[in-house]
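A short worksheet on the structure shown next.
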Amino acid sequence: MTEKNRLRSLSILLISVWLVLFVLIPNLMILVLSILTRDESQFYRWEYTWENYQRLFDPVYLQVFLHSLWMAVVTTLLCLLLAYPFAYFVAQAPKRWRNLLLLLVIIPFWTNSLIRTYAIKVILGTKGLLNTVLLELGLIETPLRLLYTETAVILGLTYLLLPFMILPLFAVLEKIDPNLNEAAADLGANAWKRFWRITVPLSLPGVIAGSLMVLLPALGMFYISDILGGAKNLVVGNIIKSQFLDARDWPFGSAASVTLTVVMALMLFAYYRVSRNQNRELIDR
Amino acid sequence: MTKPAEILLQLRDIQKSFGSRTVLDHVSLDIYNGEFLTLLGPSGCGKTTILRLIAGFEYPDGGEILLNGRPLSHAPPEQRPINTVFQNYALFPHMSVFDNVAFGLKMKRLGKDEIRRRVMEVLTMVRLQDYATRRPTQLSGGQQQRVALARAAVNEPALLLLDESLSALDFKLRKQMQMELKALQRRLGITFVFVTHDQEEALSMSDRVVVMREGHIEQIGTPRQIYEQPRTLYVANFVGDSNILEGRILRRLDERYVEAEVEGLVCPLLVKQPLTDGSPIKVLLRPEDLRVYELHEPHQLEFWFDGQVIERNYKGMTLESVIRLPNGKQIIASEFFDENDPDFDYTPGEKVRVGWVRNWERVMTDD
Ligand SMILES: Nc1ncnc2c1ncn2[C@@H]1O[C@H](COP(=O)(O)OP(=O)(O)OP(=O)(O)O)[C@@H](O)[C@H]1O
Ligand SMILES: [Mg+2]
């Protein structure tokens, strides 16, 4: 018994230390950094200021933020549109098929996402696979400009983030009691009405969870826009990255990072509040 | 209860298998308009499967289902004027009680006012009018069950299917729901097909009982017929307590009676079946058919065993005694307490006479 307790205390301690070292301290550092002043030679000076946050409202950054949000929203909708039918059919599939199908979703994770992004670049390039095929088929006369466009960024984000939409959707769809659909059919609802009145409302927590898991990273994945987007299609993550690496303005980069974190946290909190009620009903059943 | 003659639903020679497993084996059954029919049988005998075939969740491999004489063939559930009360209720968790009950009417695209009126009417009937805005999860098991019932009944279906709808409830609530269900059925005049594996429930609620066994129908009859004239030993054993005595026909006395030897006792038995002398028989006697007398008591028995009481159980209204016959066989007798005899009781070990009133026995052959 005491042996067990000791083991438990030890593991809790280890986890706490880990969290403090790798989560709490870095975040605190960023937080503090965000209210310090930039210094050319030392990166920062111990001089408190809110200026970094004020600068965020500069139209230039606001525009980047809005454009990034727009691409993230489109990405989320695309993912939802693609993932829902897939997750739905996997959830309906016989049990032994389900794991295999989910495995197929997860396998691409085994390849580094950077490499997969370069693969997309190879496909979309002016002399890339897609253009070559379309030219050969005679469907187009001159190569399409696909790379370094908004579309390319959205495509890349969608491709990389799709699994994060599929998995939470599958998790809720799989849990819906098939009896509910039978009951709805029994009461006169055809397949279309059953889908909209039973399946969709009951899968809403998964839709929200999946949307957050796509939307938030889509704001931050700077290497996608670096590789596929060119100079005009930046995401919020690009700003943060460039402040740290190129402009050497750590305090401002920190302020941007903190703001993004806060926005994400607020969205997660809203989701938590909504889903808690929904989940309670599902659990109490 | 007079039997309504009009046939509402007909199962004709239904076969159904899942994989290599035959679940229903040539089942035929007529369901009359307005009756309360119960499917009774042990777990896995195919009761739910019959309901699912009627509701349209499954389709038969062979045979036909006719509603008002017309084949339902492959009509999907949403096109059948039949509603189900599911065993686990299957209430929609994201809807209020009102919306749950209104679901079927909305699917029929009735007007808002009519939907409101009918839903509230049914909710009042199941005494849940004050719970209309609650979510199903905020209700007790019994209340959820009533919502499930209301959700099905509000559509005024031709046929209402109830799958073990009471089995999840505790004893008291269950008794109460049994009465409410009966009352509701009488008021609505809807045909009910009720599934249970509780024989007492089946006997007390139904106009007719269908006793099932491993995918086929063993007997169909009124509760009284099933109890008093079970066609087979299986039915006799499944419905109510029974004593099955082993015997052998000695000779025929006349058209109605034979002389037989039963557990060592030679007695006349009512046997109409043409059985040859020497055939083995089983004699069914319900515990309440038996009469027990202390040795000094006067009695009207024509024949009896000299038995010994080995156990007695107080059952509230009745006294149940386990009695050992001379050949060692044990039987159970159940007697009402006699108000004129306050000392009515036996002591274990006491010698008694035990017999039955002539003609109350039921003689069966092995099946
Ligand atoms: N979808 C299915 N696939 C395979 N076998 C099934 C399926 N549905 C039912 N069965 C089998 O059919 C048989 C009858 O099932 P059914 O559910 O009709 O029994 P039941 O009489 O309702 O039993 P219970 O009282 O336990 O509910 C069982 O042996 C069951 O295992
Ligand atoms: Mg069943």
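What follows is calculated from the coordinates using simple rules that are stated; it is not laboratory data. Bear in mind that the values here come from a model prediction, so they are computed numbers and not experimental data. When we count neighbours, we look across all protein chains shown, and the Cβ atoms used for this are built from the backbone with ideal geometry, even at glycine.
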Chain B: most fluctuating residue of B:LEU233, B:LEU319, B:LEU51 per GNM, C-alpha cutoff 10 Å: B:LEU319
Shielding by partners, peptide A:173-186 (average Cβ within 10 angstrom, other chains): 6
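How many times 2.2 N^0.38 Å is the alpha carbon radius of gyration of the protein assembly as shown?
On the way: Rg = 37.7 Å, N = 652, 2.2 N^0.38 = 25.8 Å.
For the protein assembly as shown, the normalised Cα radius of gyration is 1.46.
At a 10 Å Cβ-Cβ cut-off, how would you order A:LEU129, B:LEU290, fewest neighbours first? Provide the component values of the computation, followed by the final result.
On the way: A:LEU129 12, B:LEU290 22.
If I rank by nearby Cβ atoms, fewest first, I get A:LEU129, B:LEU290.
In chain B, once you exclude exposed GluC sites (Glu not before Pro) (DSSP loop, at most 15 other Cβ within 10 angstrom), what's the longest stretch remaining?
Values: sites that count: B:GLU6, B:GLU214, B:GLU255, B:GLU302, B:GLU339.
Longest gap between qualifying sites, sites excluded: B:7-213.
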Solvent-free Debye scattering, log10 I(q)/I(0), computed from the Cα coordinates of the stretch A:234-279 at q = 0.22, 0.30 Å⁻¹: -0.70, -0.96
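What does the charge count around A:VAL200 come to, taking other residues whose C-beta lies under 14 Å from its C-beta (Lys +1, Arg +1, Asp -1, Glu -1)? Write down the numbers at each step before the final one.
On the way: positive: A:LYS193, A:ARG194, A:ARG197; negative: none.
Once all neighbours under 14 Å are counted, the net charge is +3.
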Proxy reagent accessibility, fewest Cβ within 10 Å first, across B:HIS26, B:HIS94, B:HIS74: B:HIS74, B:HIS26, B:HIS94
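Rounded if a/c is under 1.5, else prolate if a/b beats b/c, else oblate: with a ≥ b ≥ c from the C-alpha gyration tensor eigenvalues square-rooted, which is the stretch B:107-254? Mind dumping the intermediate values first?
Details: a/c = 3.47, a/b = 2.52, b/c = 1.38.
Prolate is the answer for the stretch B:107-254, as a/c is 1.5 or above and a/b outweighs b/c.
Give me a single rounded figure for B:137-143: the average over its residues of other chain Cβ atoms within 10 Å of their Cβ.
Mean shielding count: 1.
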On Cα atoms only, tilt of B:97-107 relative to the major axis of chain B in degrees: 70
Per principal axis, descending, Cα span of chain A in whole Å: 75, 73, 38
25 Å Cα-Cα reach of A:LYS95 towards lysines, excluding residues that sit fewer than 8 places from it in its own chain: A:LYS175, B:LYS16
GNM result for chain A, Cα springs below 10 Å: residue of A:ALA185, A:ALA83, A:ALA152 fluctuating most strongly: A:ALA185
Solvent-free Debye scattering, log10 I(q)/I(0), computed from the Cα coordinates of chain B at q = 0.07, 0.09, 0.11 Å⁻¹: -0.42, -0.65, -0.87
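Net charge near B:PRO287, counting Lys/Arg +1 and Asp/Glu -1 over other residues with Cβ under 14 Å of its Cβ? Provide the component values of the computation, followed by the final result.
Details: positive: B:ARG286, B:ARG291, B:ARG312, B:LYS315, B:ARG362; negative: B:GLU228, B:ASP241, B:GLU288, B:ASP289, B:GLU311, B:GLU320, B:GLU335, B:GLU361.
So the surrounding residues net to -3.
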Prolate/oblate/rounded call for the stretch A:180-285, Cα gyration tensor, a/c under 1.5 rounded: oblate
For A:ARG248, B:ARG286, order by how many other beta-carbon atoms lie within 10 Å, fewest first: A:ARG248, B:ARG286
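Shape of the stretch A:214-254 from its Cα gyration tensor (a ≥ b ≥ c, root eigenvalues): rounded if a/c is under 1.5, otherwise prolate when a/b > b/c, or oblate? Present the calculation step by step, with values, prior to reporting the outcome.
Working: a/c = 2.81, a/b = 1.45, b/c = 1.94.
Verdict is oblate for the stretch A:214-254.
Please return the longest range in chain A lying between exposed loop sites, taking GluC sites (Glu not before Pro), DSSP loop only, at most 12 other beta-carbon atoms within 10 Å, and leaving the sites out.
On the way: sites that count: A:GLU40, A:GLU47, A:GLU141.
That gives A:142-285 as the longest site-free run.
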